[in-house]
Amino acid sequence: EFYTNYFSYPIYKDESQTFYKALGSRKLKLGTWNPIKIFRGMRDVYKRLSKKNISGNYKGEGLVQGGVIVFDAAGKARFAYREETGSELPVDDIIAVVQELRAESVSRRS
């Protein structure tokens, strides 16, 4: 559903969880329960998703924290972001790294 409706690029399942492990095999720690903080956090996430017109079943683990790893053409990790549950992705940072890698690739071909 995510792929069909929101992300039209190739998605690969990391069966061995190599990337998850590289990002620290992290899970959301629930620590002390503050029902007001939890409610506000969930409300903020819901508002953000609604604003972007993103809907879905939200099924899944829910406590697993992933992230983003950007590799260069040689397969070397050049950027990593560890998910902060409830926070936006640093899209500008990711775009900047991809543009930098693209520029490096062009300069190598010249």
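The values are calculated or read from the model by the stated rules, or taken from the named source; none is laboratory data. Quick caveat: nothing in here was measured; it's all calculated off a predicted structure. Ideal geometry is used to build each Cβ from the backbone, glycine not excepted, and the neighbour counts take in all protein chains shown. Side chains included, ligands, DNA and RNA excluded: accessible areas come from the protein's heavy atoms. Shrake-Rupley method; radii C 1.70, N 1.55, O 1.52, S 1.80 Å.
The test for being without any contact (Cβ under 8 Å) to a residue 12 or more places away in the chain and hydroxyl-bearing (Ser, Thr, Tyr) holds for residue 87. Of the set (1) aromatic (Phe, Trp, Tyr); (2) open to solvent by less than 60 Å² (accessible area, probe 1.4 Å); (3) modelled with pLDDT under 80, all apply to residue 58 but (2).
Residue check: residue 72 meets all listed conditions (1) closer than 16 Å to residue 20 by Cα; (2) touching a helix residue (DSSP H, G or I) at 6+ places or on another chain (Cβ under 9 Å); (3) surrounded by 13 or more Cβ atoms within 10 Å (Cβ to Cβ) but one, namely (1). Residues of segment 1-17 that are exposed (fewer than 10 other Cβ atoms within 10 Å of the Cβ) and within 19 Å of residue 70 (Cα to Cα): 7, 8, 9, 10, 11, 12, 13, 15, 16. Listed conditions (1) surrounded by 10 or more Cβ atoms within 10 Å (Cβ to Cβ); (2) out of contact with any Gly (no Cβ under 7 Å at 6 or more places or on another chain) are all met by residue 36, apart from (1).
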